[in-house]
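Participant: The structure's right below; bear with me while I get my questions together.
The values are calculated or read from the model by the stated rules, or taken from the named source; none is laboratory data. Note that this is a predicted model, so its numbers are computed, not measured. Counting neighbours? That spans all protein chains shown, and the Cβs are built from the backbone with ideal geometry, glycine included. For the accessible areas, the whole protein counts, side chains as well, though only heavy atoms, and no ligand, DNA or RNA atoms are used. Shrake-Rupley method; radii C 1.70, N 1.55, O 1.52, S 1.80 Å.
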Amino acid sequence: MYSPEDFFTTLNNPETQNSALNFLGQVVVKQHKSIVASFLEIIKAPDNIEDTNTFASLLVDLKSDQFLPALIDEIAKATPGKETWLADYMYALEALLDKTDMYYPGPESFVSLLGDWMFSTGGGEIAWKSSGILANLDNESCLPYLKRGVKDTSFFHLVRSNCLQGLVNKYGAEHIELIQSLQNDKDEDFREAVLDCLDYLEQRS
């Protein structure tokens, strides 16, 4: 088996690159289903993973929709502030949802949980990631949280911007009056996001 250094040396050498490409095809392409199956089992035991940040990035790179329900199941069991892996799992879920071609049908209980976390965890990383996930789920129960979040000036702009993107991407101009009411917001970064969304909606009309 190649070490990472040996593999890239072999791959970048014209005389040995075919051997490296063959190895890559055997491990990554032909074994993709097996890798996904193994990762699905690993997802179920986050406390056994030493570096969940790296693991989350690997999940995103593999881009398998099969990871979505497994991540949702584990996140739903977690308690903010207790599980050290929670933010990394939420990052992976949000990034994978963002890469899917269609909105994923999030369970009602999960939407309710994320909505609670968005408003009860102090407006930090968990609130930010909760808003990003809610913006990418196909469940009408997300809407009240997105509308409330976009107006909540206690949030930093990234949380509100996620809610804004969810409203615009899923509902188009349906909530244009709400979005227009935010164009003079005191937060400059969020105000710019609002104006960008209004420009986008105008171009689509």
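Participant: Mind checking whether some residue in segment 73-86 is part of a helix (DSSP H, G or I), at pLDDT below 95 and acidic (Asp, Glu)? It would help to see each step written out before you state the result.
Facilitator: Filtering segment 73-86 down to residues part of a helix (DSSP H, G or I) leaves 73-77, 86.
In the following step, the residues that additionally are at pLDDT below 95 were identified as none.
No: zero hits.
Participant: On to the next question. Under 8 Å by Cβ, and 6 or more places apart or on different chains, what pairs join a residue from segment 29-56 that is more than 19 Å from Ala87 (Cα to Cα) with one that is open to solvent by less than 60 Å² (accessible area, probe 1.4 Å)?
Facilitator: Matching pairs, first to second residue: His32/Leu62; Ile35/Leu62; Val36/Leu62; Val36/Ser64; Val36/Phe67.
Participant: If I filter segment 111-124 for residues that are touching a Lys or Arg at 6+ places or on another chain (Cβ under 8 Å), in a loop (DSSP other than H, G, I, E, B) and modelled with pLDDT of 95 or more, do I get at least one hit? Steps first, please.
Facilitator: Filtering segment 111-124 for residues touching a Lys or Arg at 6+ places or on another chain (Cβ under 8 Å) gives 119.
Filter again for in a loop (DSSP other than H, G, I, E, B), leaving none.
Within segment 111-124, none of the residues are touching a Lys or Arg at 6+ places or on another chain (Cβ under 8 Å), in a loop (DSSP other than H, G, I, E, B) and modelled with pLDDT of 95 or more.
Participant: Could I ask something else about it? Kindly check whether there is at least one residue in segment 161-170 that is touching a residue at least 60 places away in the same chain (Cβ under 8 Å), farther than 17 Å from Asp116 by Cα and part of a helix (DSSP H, G or I). Give the steps one after another, and end with the answer.
Facilitator: If we filter segment 161-170 for residues that are touching a residue at least 60 places away in the same chain (Cβ under 8 Å), which is where we start, we get 170.
So of that shortlist, the ones also farther than 17 Å from Asp116 by Cα come out as 170.
Subset that is part of a helix (DSSP H, G or I): 170.
Checking segment 161-170: at least one residue is touching a residue at least 60 places away in the same chain (Cβ under 8 Å), farther than 17 Å from Asp116 by Cα and part of a helix (DSSP H, G or I).
Participant: Separate question: I'd like to know if segment 61-69 contains one or more residues that are open to solvent by less than 70 Å² (accessible area, probe 1.4 Å) and either in contact with a strand residue (DSSP E or B) (Cβ under 8 Å, 6 or more places away or on another chain) or among the polar types (S, T, N, Q) (or both).
Facilitator: Kept after step one, since they are open to solvent by less than 70 Å² (accessible area, probe 1.4 Å), are these residues of segment 61-69: 62, 64, 67-69.
From the residues that got through so far, the ones that are either in contact with a strand residue (DSSP E or B) (Cβ under 8 Å, 6 or more places away or on another chain) or among the polar types (S, T, N, Q) (or both) too are 64, 68.
Taking every residue of segment 61-69 in turn, at least one turns out to be open to solvent by less than 70 Å² (accessible area, probe 1.4 Å) and either in contact with a strand residue (DSSP E or B) (Cβ under 8 Å, 6 or more places away or on another chain) or among the polar types (S, T, N, Q) (or both).
Participant: I would also like to ask the following. Residues in segment 6-50 that are open to solvent by 70 Å² or more (accessible area, probe 1.4 Å) and in a loop (DSSP other than H, G, I, E, B): how many?
Facilitator: Selection size over segment 6-50: 7.
Participant: Now, a different point. Kindly evaluate Ser154 against the criterion of being under 24 Å from Gly81 (Cβ atoms), of a type outside the set (Phe, Trp, Tyr) and open to solvent by 60 Å² or more (accessible area, probe 1.4 Å).
Facilitator: Values: under 24 Å from Gly81 (Cβ atoms): yes; of a type outside the set (Phe, Trp, Tyr): yes; open to solvent by 60 Å² or more (accessible area, probe 1.4 Å): yes.
Yes.
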